[in-house]
Amino acid sequence: MLLPRSRFVFGRTVTVRCLSMNSEKSETLELDHVVEMVVQGNENDVGVRNWLGKRLPAIPYSLAEKLLRKKQIRVVTSTGEEPVPISHRHRMQAGEKVLIPKDLIKSNTQPQQQQQDKWSEPMQRWAKVLKSSVIFQDDHVVAINKPFDLPSQGGEKIGSCHVAALISVFRSPNSTDQPTLVHRLDRETTGAMLIAKTRVAAQGLHRAFQSSGTIDKSYLAFVAPTPKVSSGIINLPLKRIVFANGDDRIVVCSETTEPSPKKSKASKANEAETGGSSGGSDNEMKAITKYRVVNAAGSSAALLNLHPKTGKKHQIRVHLADGLHCPIVGDRKYGKRLEPSHVHTFLGSDCNKLHLHSYQITFPHPIHRRMVTVTAPL
């Protein structure tokens, strides 16, 4: 819950400070310069997402979702005096006053070229790489072959170079819609990644990713050693652990795997760090991954084809490391600190890179609904 620490005064610049009561450490949000928008009579009973899309078409769908989630959009109802955070389920009522950060509106409604001209040299270089990485594109969707070491989105330890900051390069010249990320890959993971070019496409693809079985994702991973069973299903629920320094790690909650190997030393160490097994926790996430050995170098290493049936953070990496005990080569977070000598001899310095590639995505097109398959070559 966010509690207002100061009152709004309409007609002049104000500062709003909110204190987060849900997290362990207090988080202060500042909105310096808010814009007041009044809901008109013909906008009565319109959902807040659609209302934002019509009033502020240049703001990406993902940003609008983030603003709602972070409670940075507030509303003064016809009966209220204090502004309150607006829920994503809210339906607008005529006469309501909606308060939105002015700087956000300004920065996201600048002409496209004006924004890109301000990019740093590294951002300009990455933008060229992104434009050359397109593997599918139409008026509504673009698919890229994401390069290694480019994050999907920003964060505390990530600079300005990430896909979310650069995707305006895919904006259609005459469109008022901003391109939007609809799913993400880890920084070290390469391969197929979808971007919606229009708000309608973003809504359709978000629904598809949230609907089980609608989208099929295929990955390739180079692992060491070779799995003892050549194909199977890993059904291991996962849990996210957050440490005092802010770092996080995904760990296995319990063991219900097909085949069912013994729990790894890493899993036991994780449980020791967190005070024991977490089965039955509210934080438990269902996670299922199908795998098949495509090629193998005896028992030393193998190329796997993987189909995650759920889309949890680091799911494939944890399932292979703690489910099959065959971590991905180059996975320093969940795998080995040093690869076996034969792998190092074969790959050289490349063994320090995460060998996980999003090879193929099949999805229903958000406009014509026909299935589309995009493939990202290695």
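The values are calculated or read from the model by the stated rules, or taken from the named source; none is laboratory data. For clarity, every value in this text was computed on a predicted model and none was experimentally measured. Every residue, glycine as well, gets a Cβ built from its backbone with ideal geometry; the counts of neighbours run over all protein chains shown. Surface areas here come from the heavy atoms of the whole protein model, side chains and all, with no ligands, DNA or RNA. Shrake-Rupley method; radii C 1.70, N 1.55, O 1.52, S 1.80 Å.
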task = Calculate the radius of gyration of the Cα atoms of the stretch 285-325 to one decimal place, then report Dmax, the largest Cα-Cα distance, as a whole number, both in Å.
result = 11.0, 34
query = Say a paramagnetic label sat at a point 7 Å from the Cα of K353, along Cα to Cβ; which residues of the stretch 309-331 have their backbone N under 18 Å from it?
reply = 328-331
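How do K228, K102, K157 rank by accessible surface area computed with a 1.4 Å probe, from largest to smallest?
K228, K157, K102
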request  = Return the subset of K313/K353; K239/K333; K54/K197; K197/K309; K66/K157 for which the Cα-Cα distance in this structure is over 22 Å, preserving the input order.
outcome  = K197/K309
Added length on full extension, which subtracts the Cα-Cα distance from 0.36 nm per residue, H88 to A244 = 53.1 nm
Cβ-Cβ FRET estimate between K313 and I367, R0 fixed at 35 Å, reported to 0.05 = 0.75
task = Would you mind checking the radius of gyration and Dmax of the stretch 151-206 based on alpha-carbon positions, in Å?
result = 11.8, 35
Overall dimensions of the stretch 139-257 by Cα: Rg and Dmax, Å = 17.5, 55
ask   = Ranked from highest to lowest mean number of other Cβ atoms within 10 Å per residue, what is the order of the peptides 294-303, 241-250, 324-333, 171-180?
value = 324-333, 171-180, 294-303, 241-250
remark   = Taking r as the C-beta separation of S160 and E36 and R0 as 35 Å, the FRET efficiency to the nearest 0.05 is 0.70
task = With a 10 Å radius around each residue's Cβ, average the other Cβ atoms per peptide and rank 315-321, 146-152, 232-238, highest first.
result = 315-321, 232-238, 146-152
inquiry  = How large is the translational diffusion coefficient of the stretch 202-247 in µm² per second when you combine the Kirkwood radius over alpha carbon pairs with Stokes-Einstein at 4 °C and 1.567 mPa s?
reply    = 86 µm²/s
